[in-house]
Amino acid sequence: MAMKLLEKVKKRAEKAESILLDKEPNIKLNGKFSVNMLNTKAKDPTDAIFGIKPDGTIAHFCISEMPHMLVAGTTGSGKSVLLNEILVTAMCHSTPDELKIGIVDPKRVEFGRYKKLPFMLADPITDMDEAYDFFEYLVILMHERYKLMEKAGLQNITLYNEYAEKNGLDRFPYVILLVDEYSQLVGTHKEVEGLIVQLGQMARAAGIHVILATQSPRSTVVTGIIKANFPSRVCLMVASDLESRIVLDEGGGESLSPKGDMLIKLVDGSMVRAQGAYISNKEIETIFNHLRNTMPEPEYVDYRAIVAETRGEGGEDEDFGGIGKAPVRKSAKRNLNTPLANPSSKEPSIEKKSAFAIKLEKNKEEKANQGAKSLEKLQQEKLEKLEKALSSSTSETQSSKGIDNGQSITTKNKPKNSNSNLSVNVVITTDKSEKKQVNGTTSPIMQKMIKAKKQVQK
């Protein structure tokens, strides 16, 4: 029995290998890898293995046909293994000229091993302000590609790449953007949803495809507009029927087994069940070391500088290098050993400031101005009230003195003899720069004035 099972597994493994890669990759050509160097049976560079179907066939799909995907699964469901499986199998039959990958990793730990891979547009992004700039860069890249396609009179990346190959132009590499823990990202930076929606609505024809992954598929996170632009869904084991319905629009996800059991909803609405393949950390490291040793070093894009220049915040205009590729400024290409920012600098340059930082500074200035105006108004109102109270108290006392002494009002202000009560000074303070002094006595008049001042202050 065990021998039969082993033979079955061996046949499935051979079949999976034959689907994507039936021959060894060709040796480097003049020290460089060129497009279509690998002899594969994959439909396009985004073809990836998801697992094995119940009938024993391989569940593999092109991300470009999905074209954007939502992946949900609770802790222990096998979500991270599936995401690694998709990216690794796509890289195993592609070249960096055919496929580029961008990763946003709020957890900071899961995708650190992807650093300095030849396929990466940049190291995995863990800072969420930088993530906003990266999304904005991809939107810029999308529009640049559409301009070139419009100029050539073509509608999508497939047609343009055929045209480019015939005319000696640079092809468009496919771009897969993976966003892990999307709920954490959108929870702290709600603004990124607008950029992700733009990519979901328009980026398919430009060859840019987004994978959103989350442990908590809540309705506040997976909104209606996100679901409308992410037609393909992968549901691993989730906590409840409600979460399953948010992801798949139907139940069933709560009944799945942990460790890779999944339901895949395709664009046409059909449902496929599959068991994800397990790929160990050791296997991933072996593959990545091979890619780093046999392929050229990555050419990272300085996406923050490109975004800053597009906003009009950069310096001199420079040409973008590489037609149809990511718009990398020749001067913006950096050495891999050089960090993206100078940690010793206290104040970043304008180019390095994100949209969130700029917005935060403006909000602080507006709040400070509003607070100053409100304080000034309040102080003015207090002063007016106090003056009115003092004026009314003085007039009342003067009237009473004229009646008691049998004198007219005109004679009431005559000073008393020198033996009267000592005079005191009352200082009414509005702010640090403005003071008003009122002379009075300890008589009932002054007592009323002091009392009025205390009431106003309260």
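The values are calculated or read from the model by the stated rules, or taken from the named source; none is laboratory data. Just so it is clear, the model here is predicted, and its values are computed rather than measured. Here Cβ is always computed from backbone atoms with ideal geometry, including for glycine, and neighbour counts include all displayed protein chains.
For the reader, a short list of remarks on this structure follows.
- Lone qualifier among Asp302, Asp261 - being under 28 Å from the mean Cα position of the chain (by Cα), acidic (Asp, Glu) and buried (at least 18 other Cβ atoms within 10 Å of the Cβ): Asp302
- Applying the criterion of at least 3 residues that are surrounded by fewer than 23 Cβ atoms within 10 Å (Cβ to Cβ) and at pLDDT below 95 to the strands (runs of 3 or more DSSP E) found wholly in segment 53-156 leaves 58-62.
- Complete set of residues in segment 266-288 that are in a loop (DSSP other than H, G, I, E, B) and over 18 Å from Ile86 (Cβ atoms): Asp268, Gly269, Ser270
- Of everything in segment 182-207 that is crowded, with 17+ Cβ neighbours inside 10 Å and over 17 Å from the mean Cα position of the chain (by Cα), the residue that is nearest to Lys100 (Cα to Cα) is Gly207.
- Here the condition is being out of contact with any Leu (no Cβ under 8 Å at 6 or more places or on another chain), assigned by TED's automatic domain parsing to the domain that holds Val272 and within 24 Å of Pro124 (Cα to Cα); of Thr220, Thr188, it holds for Thr188 alone.
- First in segment 248-262 and in the same structural domain as Gly276 (by TED's automatic domain parsing) and closer than 19 Å to Ile52 by Cα, second anywhere and of a type in the set (Lys, Arg) and part of a loop (DSSP other than H, G, I, E, B), Cβ under 7 Å, 6 or more apart: none
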